[in-house]
Every structure is written in structure tokens, then in C-alpha cells.
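Trainee: The structure that follows is given in the form of C-alpha cells.
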Amino acid sequence: MKINPITRLVLIAVLSTLCVLALDLFYLAVVFFAAFAVNMLLKINILHMLKRLRFLISLIIFVTLLQSLAVKGGRVIVGIGKVHILTVTGLIKGGEFALRMGTVVLSSMIALSAEGREMTDALIQLKLPYEFAFMTNIALRFIPVFREEFINRLNALAMRGIDIKKLAFKKKIKAYSYIISPAVSGSIIKSRQLAAAMEAKAFGAYNKRTMLRELKLNFIDYFVIIMAAASLVAFLCIMYIKGAVL
């Protein structure tokens with residue numbers, strides 16, 4: 001389903017608001033599956049996106065396990081003597097964190113699946129300052145730039161016959177420290193080049209900017225926005241009545 005970038009921003013705002021305000025595991029699960037359904041309706045290749053975000057997914061899984069083990073309370077599931085390793089409360093808190101972050105990841109896929117220029121135009125048409133929209137677009141573009149810099153450094157080590165996967169843990173950390181520094185330096189150099197190009201083109205010289213194209217909402221966009229807003233209000237009311245809202 002093809003929708004306007006403005007509609008995408010509305011969906012992202014609704015899903016992000018719900019996942020932040022919801023406190024109960026059940027409601028977080030409903031929001032998560034709603035975000036998943038939106039991605040399916042938009043025909044987003046979720047598996048491809050997960051491969052691009054695999055480091056973030058690994059970090060979420062690690063923090064979820066850590067939180068499950070750190071939070072104590074309720075019935076003990078795994079324990080050694082008087083030491084409680086895993087409890088029901090810890091498992092619930094870990095699940096809440098995983099669902100909340102999973103919703104954030106699925107919401108980000110809605111933005112990443114669209115063209116960067118379209119999302120910038122959508123932010124501008126929502127009357128946000130052009131500097132903010134431009135900064136958001138640049139931030140999204142610099143993520144793959146940093147990834148490319150990091151991969152180039154890994155390939156440079158591989159060409160020298162160094163296989164990081166086969167190194168000992170201490171040597172692996174040392175090798176990554178050598179990789180991160182030049183990767184960050186390369187990204188900083190590119191950001192300076194971008195800043196010089198912006199100054200050469202007199203960025204910000206005029207308060208009012210013209211746009212090449214104007215994004216127009218059609219019937220489907222209005223329908224999706226109205227349904228998203230109604231769902232947000234209804235869901236917040238239900239959670240407020242049940243006492244499951246922040």
C-alpha cells in the first residue's frame with residue numbers, strides 16, 4: 001500500500017506514543033503487533049530491515065536478558081539456594097522492554113522504507129523548521145556512511161590476513177579499538193566536507209524556501225490518519241480506565 005510520507009510520520013508518532021505510555025505487558029504486545037501489521041500492510045521487507053539493524057537487535061536482546069536477571073520480585077523461576085536468578089517480575093519487565101524496543105524498531109522501519117527526501121518534504125509541510133528537517137535527513141544518511149567506513153576498515157584488516165573472528169577476546173577488543181578510531185575520523189571528515197558544501201551554497205541565507213514538489217494527501221491517507229488518531233484516543237482511554245497508562 002502506497003501512502004504519503006506525512007501519513008507515515010503520523011503512524012510513527014501514534015505507535016511511538018503508545019509504546020512509551022503503555023505500562024502493561026498485554027497492551028505493549030497489542031501495540032507491537034499493531035506496528036507489525038502496519039509494516040505488513042505497507043509491504044516492508046522486515047527480514048531485510050532486520051539484517052540492516054542486526055547489531056541493534058542483538059543489543060536489545062542482551063539488555064532484555066540483563067533486565068530479566070537484574071529485576072527481582074514475585075515467584076522464583078530459576079534459583080540456586082537463596083539466590084534468585086530469574087523471577088516472574090524480572091521476566092515481565094524484560095518482556096516489556098523487548099516489546100517496547102521492538103515497537104520502536106518496527107516504527108523506524110516505516111521511515112527507513114521511504115525515500116529520505118520525501119520524509120524531509122513531509123516534515124517541512126508539517127510546518128517544522130527546514131533546519132530541523134534537513135538535520136533529521138542528514139542524521140539518517142550518516143548511519144550507513146559510518147557503517148560503510150567501519151566495513152572498509154574490516155576489509156582492510158582482512159586483506160592483511162587478519163581474521164577478527166578467530167582472534168582471542170583481548171586481541172579482538174584491541175583490533176576493534178584500532179578500527180573504530182579511523183572509522184569515526186573518516187565520518188568526521190565527511191561531515192566537515194558537508195558543512196563546507198553547505199556554506200558554499202549559502203545554506204540558511206533565506207528564511208523562506210521554495211519546494212520542487214508538494215505532497216498531497218489522498219482519500220487513503222485521510223482514512224489512515226483518522227483511523228490512527230481514533231485508535232490512539234481509544235487506546236489511551238482504555239489504558240487510563242484500566243490504570244495501565246503512564
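Trainee: Within region 99-110, is even one residue in contact with a Leu (Cβ under 8 Å, 6 or more places away or on another chain) and surrounded by fewer than 16 Cβ atoms within 10 Å (Cβ to Cβ)?
Mentor: No, the conditions are met nowhere in region 99-110.
Trainee: For region 35-51, which positions are surrounded by 15 or more Cβ atoms within 10 Å (Cβ to Cβ) and without any contact (Cβ under 8 Å) to a residue 40 or more places away in the chain?
Mentor: none
Trainee: Moving on. Please go through (1) of a type in the set (A, V, I, L, M); (2) touching a strand residue (DSSP E or B) at 6+ places or on another chain (Cβ under 8 Å); (3) modelled with pLDDT under 80 for residue 202 and return the number of the only condition it doesn't satisfy.
Mentor: That leaves (2) as the condition not met.
Trainee: Let me spell it out: the conditions are (1) at pLDDT below 85; (2) within 22 Å of residue 227 (Cβ to Cβ); (3) under 15 Å from the mean Cα position of the chain (by Cα), and residue 20 meets all of them except one. Which number is the exception?
Mentor: The single condition residue 20 does not satisfy is (1).
Trainee: Inside region 181-208, can you point out the residues that are over 25 Å from residue 132 (Cα atoms) and either touching a Leu at 6+ places or on another chain (Cβ under 7 Å) or surrounded by 13 or more Cβ atoms within 10 Å (Cβ to Cβ) (or both)?
Mentor: The answer is 182, 183.
Trainee: Just checking, how many residues over region 35-64 are among the aliphatic types (A, V, I, L, M) and within 16 Å of residue 111 (Cα to Cα)?
Mentor: So the answer is 12.
Trainee: Show the residue pairs meeting these rules: Cβ distance below 6 Å; 6+ apart or different chains; first residue within region 220-233 and farther than 14 Å from residue 18 by Cβ; second residue crowded, with 17+ Cβ neighbours inside 10 Å and modelled with pLDDT under 90.
Mentor: Cβ pairs passing all conditions: 221/3; 221/4; 221/7; 224/7; 225/7; 225/10.
Trainee: OK, next. In the list 154, 232, 236, 217, which residue meets the criterion of being surrounded by 11 or more Cβ atoms within 10 Å (Cβ to Cβ) and within 26 Å of residue 117 (Cβ to Cβ)?
Mentor: Going through 154, 232, 236, 217 in turn, the sole match is 217.
Trainee: Being at pLDDT 80 or above, part of a helix (DSSP H, G or I) and either outside the structural domain of residue 9 (by TED's automatic domain parsing) or among the polar types (S, T, N, Q) (or both) narrows it down to one of 179, 220, 225, 189, so name that one.
Mentor: On inspection, the qualifying residue turns out to be 189.
Trainee: Report yes if some residue within region 194-201 is assigned to a loop (DSSP other than H, G, I, E, B) and farther than 22 Å from residue 37 by Cα; otherwise report no. Full working, then the answer.
Mentor: Start the filter on region 194-201 by keeping residues that are assigned to a loop (DSSP other than H, G, I, E, B), which leaves 201.
From what is left, the residues that are farther than 22 Å from residue 37 by Cα are 201.
Within region 194-201, one or more residues are assigned to a loop (DSSP other than H, G, I, E, B) and farther than 22 Å from residue 37 by Cα.
Trainee: Considering region 1-34 alone, what residues qualify as being in a loop (DSSP other than H, G, I, E, B) and either of a type in the set (A, V, I, L, M) or surrounded by fewer than 13 Cβ atoms within 10 Å (Cβ to Cβ) (or both)? First the steps, then the outcome.
Mentor: At the first step, the residues of region 1-34 found to be in a loop (DSSP other than H, G, I, E, B) are 1-4, 23-24.
1, 2, 3, 23, listed by residue number.
Trainee: Oh, and also: Name the one entry in 88, 105 that is without any contact (Cβ under 8 Å) to a residue 24 or more places away in the chain and assigned by TED's automatic domain parsing to the domain that holds residue 78. Outline the logic, then answer.
Mentor: Values: 105 fails: without any contact (Cβ under 8 Å) to a residue 24 or more places away in the chain.
After ruling out the rest, the residue left standing is 88.
The values are calculated or read from the model by the stated rules, or taken from the named source; none is laboratory data. Predicted, not measured: the structure shown is a model, and the values here were computed from it. Counting neighbours? That spans all protein chains shown, and the Cβs are built from the backbone with ideal geometry, glycine included.
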